[in-house]
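Worksheet: one structure, shown below.
The values are calculated or read from the model by the stated rules, or taken from the named source; none is laboratory data. Bear in mind that the values here come from a model prediction, so they are computed numbers and not experimental data. As a convention, Cβ positions derive from the backbone with ideal geometry for all residues, glycine included, and neighbour counts pool all protein chains shown. With ligands, DNA and RNA removed, areas are computed over all heavy atoms of the protein, side chains included. Shrake-Rupley method; radii C 1.70, N 1.55, O 1.52, S 1.80 Å.
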Amino acid sequence: MPATQLDYYETLGVSRDADGSTLKSAYRKLAMKFHPDRNPGDAEAEAKFKACNEAYECLKDPQKRAAYDRFGHEAFTQGMNGGDGRGAHPGDFADIGDIFETIFGSAFGGAAGHHRQQQQRRGADLRYDLQVDLEEAFHGKSTEIEIEVSQACETCDGTGATPGTSERTCHLCHGQGAVRAKQGLFVVERPCPTCGGRGVVIENPCGDCRGEGRVDKVQNLAVEIPPGVDTGTRIRLSGKGEAGQRGAPAGDLYIFVHVKRHALFEREGTTLATRVPVSFTTAALGGNVDIPDLNGGTNSVDIPTGIQSGKQLRVRGAGMPVLQGRGRGDLVVEIAVETPTKLSRRQREILEEFRETETGDECPESKGFFSKLKEAFGT
């Protein structure tokens with residue numbers, strides 16, 4: 001290992017607060033620039049290519065990155081040199097707990113952590129946010145999404161080895177995945193720095209996946225949206241997440257549904273609500289209004305005589321479908337009585353005649369209010 005290592009962030013040319021997308025973009029540009037296939041026989045380009053790989057492998061993992069940000073390269077090398085004289089690589093540790101386990105041995109997990117290192121690492125679960133209209137949430141839909149995700153390398157069938165070659169038992173740990181070293185009065189056990197705790201090594205890495213056994217590809221996936229989904233509904237696609245390393249099982253893909261706002265309806269669970277303005281004559285005399293139904297028809301709502309603004313009318317079974325169940329919720333119609341702002345001469349005459357015949361009993365709430373005023377102020 002060189003005496004001085006270049007900062008991983010400087011290697012990738014990013015700031016220390018760069019997010020995962022920025023890291024990935026910077027790594028890809030550099031990997032393409034310095035790839036050995038593009039620079040045959042160029043030792044300097046090959047060294048930079050390896051340095052980019054090492055930096056990205058560390059920074060793309062949140063736990064390794066946290067350790068690196070706090071301790072720098074010492075997070076993976078300090079106090080970890082055993083009898084073989086070699087330092088450990090960031091890829092040798094599954095999480096920060098492995099770093100402490102490496103330093104303190106079995107007191108912090110020992111053989112159990114050692115066993116975990118030898119396990120093939122399952123691919124990460126992924127998240128995809130999908131927006132749907134309220135109508136699509138009502139009926140459900142079959143759709144297709146496009147997502148870039150690591151998949152098993154077709155060239156090596158996910159093994160990470162060049163076709164025609166295979167893994168061999170690690171000569172340093174003899175397949176155990178761990179080595180022991182004496183530190184003071186203690187003998188500590190740590191993941192093998194040669195094989196990364198796997199017990200085997202790949203002498204001839206696959207050129208397409210660089211020994212990872214997986215490559216990033218754009219994948220089109222069919223998704224079934226069931227009727228009744230709501231914002232926050234989660235749909236799981238088993239095994240459609242990130243491919244595991246060297247043939248390990250893939251993670252899962254979780255589709256998070258987001259239902260867009262609708263021009264007419266507000267939604268609360270399976271209940272749909274809407275506000276309907278009606279003329280003051282309809283409010284006084286009664287009538288009905290037709291409300292569109294998401295199922296394609298209409299719901300006729302009877303307006304009772306003398307209805308007031310703010311009154312809510314409920315239509316049973318005219319709301320959203322019950323997710324993975326039977327039936328529908330309700331439709332709630334809030335009435336807003338609208339006072340006319342433009343009157344013809346004849347309409348005004350009719351209203352003047354109506355006002356002359358008013359006794360106060362037509363609007364009991366108003367009559368009661370002014371009666372209270374008289375009682376309170378004696379006028």
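Pull out all pairs, ordered by first then second residue, where Cβ-Cβ is under 6 Å, the residues are six or more apart or on different chains, the first lies in the stretch 228-249 and is of a type in the set (S, T, Y), and the second is open to solvent by less than 80 Å² (accessible area, probe 1.4 Å).
Here the result reads T231/H258; T231/V259; T233/V257; S238/D252, each pair linking the stretch 228-249 to a residue that is open to solvent by less than 80 Å² (accessible area, probe 1.4 Å).
Give the residue that is farthest from H139 (Cα to Cα), with candidates limited to residues of the stretch 312-331 that are assigned to a strand (DSSP E or B) and open to solvent by less than 70 Å² (accessible area, probe 1.4 Å). Working first, answer last.
In the first step, residues of the stretch 312-331 are kept if they are assigned to a strand (DSSP E or B); the result is 312-315, 321, 328, 331.
Restricting the remaining residues to those that are open to solvent by less than 70 Å² (accessible area, probe 1.4 Å) gives 313, 315, 321, 331.
Details: L313: 25, V315: 19, P321: 8, L331: 16 Å.
Per the stated criteria, the residue is L313.
Which pairs do you get when a residue that is closer than 18 Å to G211 by Cβ and modelled with pLDDT under 85, found in the stretch 33-55, comes within reach of a residue that is open to solvent by 60 Å² or more (accessible area, probe 1.4 Å) and part of a helix (DSSP H, G or I), reach meaning Cβ atoms under 6 angstrom, with the pair 6+ apart or on two chains?
That search, which allows pairs on different chains as well, returns P36/E46.
Do we have any residue at all in the stretch 291-311 that's assigned to a loop (DSSP other than H, G, I, E, B), out of contact with any Phe, Trp or Tyr (no Cβ under 7 Å at 6 or more places or on another chain), of a type in the set (S, T, Y) and open to solvent by 100 Å² or more (accessible area, probe 1.4 Å)?
yes
If we scan the stretch 133-145, do we find a residue that is closer than 30 Å to R210 by Cα, open to solvent by 40 Å² or more (accessible area, probe 1.4 Å), touching a residue at least 24 places away in the same chain (Cβ under 8 Å) and not hydroxyl-bearing (S, T, Y)?
Of the residues in the stretch 133-145, the ones closer than 30 Å to R210 by Cα are 145.
Next, only the ones that are open to solvent by 40 Å² or more (accessible area, probe 1.4 Å) stay: none.
No, the stretch 133-145 contains no residue that is closer than 30 Å to R210 by Cα, open to solvent by 40 Å² or more (accessible area, probe 1.4 Å), touching a residue at least 24 places away in the same chain (Cβ under 8 Å) and not hydroxyl-bearing (S, T, Y).
Could you please tell me which pairs satisfy a Cβ distance under 8 Å, a separation of 6+ or placement on different chains, a first residue in the stretch 57-73 that is among the polar types (S, T, N, Q), and a second residue that is surrounded by fewer than 17 Cβ atoms within 10 Å (Cβ to Cβ)?
Q63/D95; Q63/I96
Of the numbered conditions (1) closer than 25 Å to H35 by Cβ; (2) touching a residue at least 40 places away in the same chain (Cβ under 8 Å), V201 satisfies every one except a single condition; which is it?
Evaluating V201 over (1) closer than 25 Å to H35 by Cβ; (2) touching a residue at least 40 places away in the same chain (Cβ under 8 Å) leaves (2) as the failure.
Those residues that are among the aromatic types (F, W, Y) and more than 15 Å from F256 (Cα to Cα), I need them from the stretch 127-173; list them, please. Before you say what the answer is, go through the steps one by one.
Restricting attention to the stretch 127-173, the residues satisfying the condition of being among the aromatic types (F, W, Y) are 128, 138.
Result: F138, single match.
Which residue pairs have Cβ atoms under 7 Å apart, sit 6 or more places apart or on different chains, and have a first residue in the stretch 300-323 that is without any contact (Cβ under 8 Å) to a residue 40 or more places away in the chain and among the hydroxyl-bearing types (S, T, Y) and a second that is surrounded by 11 or more Cβ atoms within 10 Å (Cβ to Cβ) and assigned to a loop (DSSP other than H, G, I, E, B)?
If the second residue must be surrounded by 11 or more Cβ atoms within 10 Å (Cβ to Cβ) and assigned to a loop (DSSP other than H, G, I, E, B), the pairs left are T305/G286.
Using beta carbons and a limit of 6 Å, which pairs, at least six apart or on different chains, have the first residue in the stretch 115-132 and in a loop (DSSP other than H, G, I, E, B) and the second one at pLDDT below 95 and aliphatic (A, V, I, L, M)?
Q120/A248; R121/A248; R122/A248; G123/A243; G123/A250
Just one of E338, E334 is open to solvent by 100 Å² or more (accessible area, probe 1.4 Å) and in contact (Cβ under 8 Å) with a residue 40 or more places away in the chain; which is it?
On the way: E334 fails: open to solvent by 100 Å² or more (accessible area, probe 1.4 Å).
Among E338, E334, only E338 is open to solvent by 100 Å² or more (accessible area, probe 1.4 Å) and in contact (Cβ under 8 Å) with a residue 40 or more places away in the chain.
Check H262, H258 and return the single one that is open to solvent by 40 Å² or more (accessible area, probe 1.4 Å), touching a residue at least 12 places away in the same chain (Cβ under 8 Å) and under 15 Å from D129 (Cα atoms).
Numbers: H262 fails: under 15 Å from D129 (Cα atoms).
Matching residue, one of H262, H258: H258.
For (1) of a type in the set (K, R); (2) crowded, with 19+ Cβ neighbours inside 10 Å; (3) within 22 Å of H258 (Cβ to Cβ); (4) out of contact with any His (no Cβ under 6 Å at 6 or more places or on another chain), each residue gets a yes or a no:
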{"residue": "R198", "(1), (2), (3), (4)": "yes, yes, no, yes"}
{"residue": "E203", "(1), (2), (3), (4)": "no, no, no, yes"}
{"residue": "D208", "(1), (2), (3), (4)": "no, no, no, yes"}
{"residue": "I225", "(1), (2), (3), (4)": "no, yes, yes, yes"}
{"residue": "R236", "(1), (2), (3), (4)": "yes, no, yes, yes"}
{"residue": "G239", "(1), (2), (3), (4)": "no, no, no, yes"}
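Of everything in the stretch 11-32 that's closer than 17 Å to K64 by Cα and charged (D, E, K, R), which residue is surrounded by the fewest Cβ atoms within 10 Å (Cβ to Cβ)?
This residue is D17.
Anything in the stretch 246-255 that is crowded, with 16+ Cβ neighbours inside 10 Å and part of a loop (DSSP other than H, G, I, E, B)? List them, or say none. Talk me through it step by step, then tell me what you get.
Of the residues in the stretch 246-255, the ones crowded, with 16+ Cβ neighbours inside 10 Å are 246-248, 250-255.
Passing the criteria: A248, A250, G251, D252.
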